[in-house]
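Read-outs: derived from the displayed coordinates by stated rules, not from any lab. Every value quoted in this text rests on a predicted model; they were computed, and no experiment measured them. Don't worry about glycine lacking a Cβ; one is built from the backbone with ideal geometry, like all the others, and counts go over all protein chains shown.
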Amino acid sequence: MSLSKKVKDRLASPKARISLQLSRNDFVLGESAEATLAVSSDEDFDAKEIRAEIQCVEKARRVQYECDSMAKRNVPREVQESKTLYFAKPPATVLTHITQGFSQTFPLRMIILATGTPTFQRIDTRVSWLVKGVVAIDGRPDIASQPTEIQVFPPSAQPTTEEKEVIREVVVIKTLCKNCGALMPETDTFCQNCGAKRT
């Protein structure tokens, strides 16, 4: 193998593919998410690890004052800031030799951080959760799937006290039916005893 081909191979990812299949796309904080990583390859190489990467990112627009030399004063500029709130790399398997024609699926379980920030979007701020599959390789670029965005919700509010049945007492005023003399509620239009209309 020529030196130039060796260098080229070191700069390129192996000819392989990874895809991530989630059991669903919406989760609650503190819940575990099950997924499957499918890996196939067209060449031989050693994988350091096959894993998922889960990341919670906050993107926000902020107003920042910068010195304008022309205006000789500070002027407001809108900037986009990005901050990683959570990042984890749950492994599916480690130290695997991948051969040409390799095709296998790996089950995986990820925990959605219980104290994390749920998905939300406002005019100036957005919090999103992204998950992708990765084949990590020593000395060469990793192979990664396209990131999948998942929706993460806060846990439903738990009742702090036991639910109790509330019984309300309703007082019904009754009057005598002029036709038969039976008692009938003030709310009735017709007598329940004889059927006569209230007069």
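Only lysine pairs 8 or more places apart or on separate chains count here, and in the chain those with Cα atoms under 22 Å apart total 15.
Contact order for the chain, expressed relative to its length and based on alpha carbon pairs under 8 Å spaced 6+ residues apart, stands at 25 percent. Here the simple spin-label model places points 7 Å from the Cα toward Cβ, and for Cys194 and Ser82 these points are separated by 8.6 nm.
Summing +1 for each Lys or Arg and -1 for each Asp or Glu, what net charge is found among the other residues whose Cβ lies under 12 Å from the Cβ of Gln100? Net charge around Gln100: -2. Size of the stretch 37-81 from its Cα atoms: along the principal axes, largest to smallest, the extents are 61, 22, 16 Å. Within the stretch 1-107, the trypsin sites (Lys or Arg not before Pro) that combine a DSSP coil assignment with at most 10 other C-beta atoms in a 10 angstrom radius are Arg24, Lys72. Overall shape of the stretch 7-153 was characterised from the C-alpha gyration tensor. The equivalent ellipsoid obtained from it has semi-axes of 37, 23, 10 Å, in decreasing order.
Look at Tyr86, Tyr65 and count the other Cβ atoms within 10 Å of each Cβ; fewest to most, that gives Tyr65, Tyr86. Near Phe27, the amide H atoms lying under 5 Å from its own belong to Gln151, Val152, Phe153; only residues 5 or more places off or on other chains count, and H is placed 1.01 Å from N.
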